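Colleague: Input: one structure, supplied below.
The values are calculated or read from the model by the stated rules, or taken from the named source; none is laboratory data. Fair warning: this is a prediction, and the values are worked out from it, not measured in the lab. Glycine gets a Cβ as well: all are built from the backbone with ideal geometry, and neighbour counts include every protein chain shown.
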Amino acid sequence: MKRLTSRAQDGTASVEPERMNEALDRLAAYEDMHDDLVARLADLEETIAERKAAGTLNASTGNQLIAQKVALKTTIGMFDIYGIE
């Protein structure tokens, strides 16, 4: 991925004025992706809870759903580490 921003030694970020719209579009895409991941995680947690309550969460399906949940939480966690929350 080509960077649109640069970091100064003090940690501040900057972008060249002529690349501002491109940088804002990319930021919006990251925010959209974060929102989508959070929504998917909520849906998945609801599915797991519903299947548990109904007694239809078998070992195979349960393991797959839990693996998806871990993957989503890990990805969201990376966003959080970098302050995209």
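Colleague: Please go through segment 55-69 and pick out each residue that is among the hydrophobic types (A, V, I, L, M, F, W, C), free of Cβ contacts under 8 Å to residues at least 12 places away in the same chain and surrounded by 10 or more Cβ atoms within 10 Å (Cβ to Cβ).
Modeller: L57, A67
Colleague: Kindly indicate whether any position in segment 22-41 is touching a strand residue (DSSP E or B) at 6+ places or on another chain (Cβ under 6 Å) and modelled with pLDDT of 95 or more. First the steps, then the outcome.
Modeller: Looking only at segment 22-41, we keep the residues that are touching a strand residue (DSSP E or B) at 6+ places or on another chain (Cβ under 6 Å), and these are 23.
Restricting the remaining residues to those that are modelled with pLDDT of 95 or more gives 23.
For segment 22-41, residues touching a strand residue (DSSP E or B) at 6+ places or on another chain (Cβ under 6 Å) and modelled with pLDDT of 95 or more: present.
Colleague: Let me ask another. Name the residue that is surrounded by the most Cβ atoms within 10 Å (Cβ to Cβ), counting only residues in segment 1-54 that are among the polar types (S, T, N, Q) and either within 18 Å of the chain's Cα centre (by Cα) or outside any helix (DSSP H, G or I) (or both).
Modeller: Among residues in segment 1-54 that are among the polar types (S, T, N, Q) and either within 18 Å of the chain's Cα centre (by Cα) or outside any helix (DSSP H, G or I) (or both), the one surrounded by the most Cβ atoms within 10 Å (Cβ to Cβ) is T5.
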